[in-house]
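The values are calculated or read from the model by the stated rules, or taken from the named source; none is laboratory data. Only a predicted model underlies this, so the values are computations on that prediction, with no experimental measurement involved. Neighbour counts are summed over all protein chains in view; Cβ atoms, including those assigned to glycine, are modelled from backbone coordinates with ideal geometry.
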Amino acid sequence: MEVELLEATDRPERLICQAARNDYMEEFVGETAFDEVMASIEGDSLDERKETLINRLLDHGHFGPFEHPQATFAIKGISRSCMAQITRHRHVSFDVQSMRYVAFDDIDPAEVETGEMVVVPPSVSDPDWVGRNQQTGDVDEETAQRREELFEETIETAFESYQELLDLGLPPEDARFVLPIGSKVNMVMSMNPRMLMHVADMRAAADSQWEIRDMTERVLDLAAEWCPITFEYYEEEMKNRKNRLAP
Ligand SMILES: Cc1cc2nc3c(=O)[nH]c(=O)nc-3n(C[C@H](O)[C@H](O)[C@H](O)COP(=O)(O)OP(=O)(O)OC[C@H]3O[C@@H](n4cnc5c(N)ncnc54)[C@H](O)[C@@H]3O)c2cc1C
């Protein structure tokens, strides 16, 4: 998996502060210099005032101003399972690589490593990996080996069948029905910091699946560079709070 920041609002935390200060200013924020907008906020420098205001907003649950900046992430090589999970979030915008138009017709399944076509969960090759709702705990070496073989054989057969169906003239949009849910897909997604905090609440949590948790942690790392005050406060003060519905 790869996660890149494609585009993001320039000076996002300045924008958050302008939006928040607008609510309590007599002057028009559109015609007021930023240092004047922030003059009544505690702090010795503009950066300190931004930190004071942003931390106060997050502390008081005043999340509206965090909806103004927007970031777009490009994500490479997640499973269709992970894609189905993340696309449940209704305030995130998505573009997902189409399997109607992108066929794997230059792939010989017998020649290609399983991991190039599908996401291979760590439990397939790590017998000590413990996942949620697992029916058996310890496995012997023979069982572990058979699990790995079966996983690879099943993927290979699925991709061989897919190729044969294409060769027999089935349209890619229908041939893809035989492909596994672990098939890799690329995606672009955009959201604001408020939504990102909500997604992280749900998807970076311990009960979330390892793949979407990994993806969300990578998105959070990029967000921490983009909106440092916001996501430092989120990591330190908000991430582990209980009984939240949405930030
Ligand atoms: C560990 C885990 C396991 C899961 N298992 C399943 C499962 O087995 N089956 C399944 O179907 N889903 C499952 N989900 C998905 C989950 O139920 C949510 O659909 C998904 O996480 C979207 O989050 P959300 O409901 O907060 O909505 P989002 O779309 O992220 O919306 C953000 C917030 O906006 C508000 N909101 C948005 N739309 C509405 C609305 N129409 N009405 C009222 N308020 C709204 C809510 O406050 C919501 O929390 C799972 C999620 C997790 C994290």
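Here Asp207 clears all of (1) of a type outside the set (A, V, I, L, M); (2) away from the ligand (no atom under 12 Å from the Cβ); (3) modelled with pLDDT under 95; (4) surrounded by fewer than 17 Cβ atoms within 10 Å (Cβ to Cβ) except the condition numbered (2). Listed conditions (1) in contact (Cβ under 8 Å) with a residue 40 or more places away in the chain; (2) part of a helix (DSSP H, G or I) are all met by Leu165, apart from (1). The set of residues in the stretch 175-199 that are among the aliphatic types (A, V, I, L, M) and either buried (at least 21 other Cβ atoms within 10 Å of the Cβ) or in contact (Cβ under 8 Å) with a residue 24 or more places away in the chain (or both) comprises Ala175, Leu179, Ile181, Val185, Met187, Val188, Met189, Met191, Met195, Leu196, Met197, Val199. Within the stretch 25-69, the set of residues being assigned to a loop (DSSP other than H, G, I, E, B) and within 29 Å of the chain's Cα centre (by Cα) comprises Gly61, His62, Phe63, His68, Pro69. When each of Ala84, Ala175, Ala103, Ala144 is tested for being touching a Pro at 6+ places or on another chain (Cβ under 7 Å) and either over 27 Å from Ala206 (Cα atoms) or at pLDDT 90 or above (or both), the lone residue that passes is Ala103. Residues that are farther than 30 Å from Val188 by Cβ, in contact with a Gly (Cβ under 6 Å, 6 or more places away or on another chain) and buried (at least 17 other Cβ atoms within 10 Å of the Cβ) occur at least once in the stretch 29-49. Taking into account only those residues within the stretch 220-247 that are among the small types (Gly, Ala, Ser) and in a helix (DSSP H, G or I), which is nearest to the ligand (Cβ to nearest atom)? Looking at the filtered set, the residue picked out is Ala223.
Within the stretch 200-224, residues that are touching a residue at least 12 places away in the same chain (Cβ under 8 Å) reach partners that are part of a loop (DSSP other than H, G, I, E, B) and crowded, with 17+ Cβ neighbours inside 10 Å with beta carbons closer than 6 Å, at six or more positions or on different chains, in the pairs Thr216/Ala204; Glu217/Ala204.
Evaluating Asn186 against the criteria (1) more than 19 Å from the chain's Cα centre (by Cα); (2) at pLDDT 95 or above; (3) not in a helix (DSSP H, G or I) leaves one unmet condition, (1). The single condition among (1) closer than 17 Å to Ala224 by Cα; (2) of a type outside the set (Gly, Ala, Ser); (3) surrounded by fewer than 12 Cβ atoms within 10 Å (Cβ to Cβ) that His60 does not satisfy is (1). Residues of the stretch 202-232 that are over 30 Å from Leu46 (Cβ atoms), within 8 Å of the chain's Cα centre (by Cα) and of a type outside the set (D, E, K, R): Ile212, Met215, Thr216.
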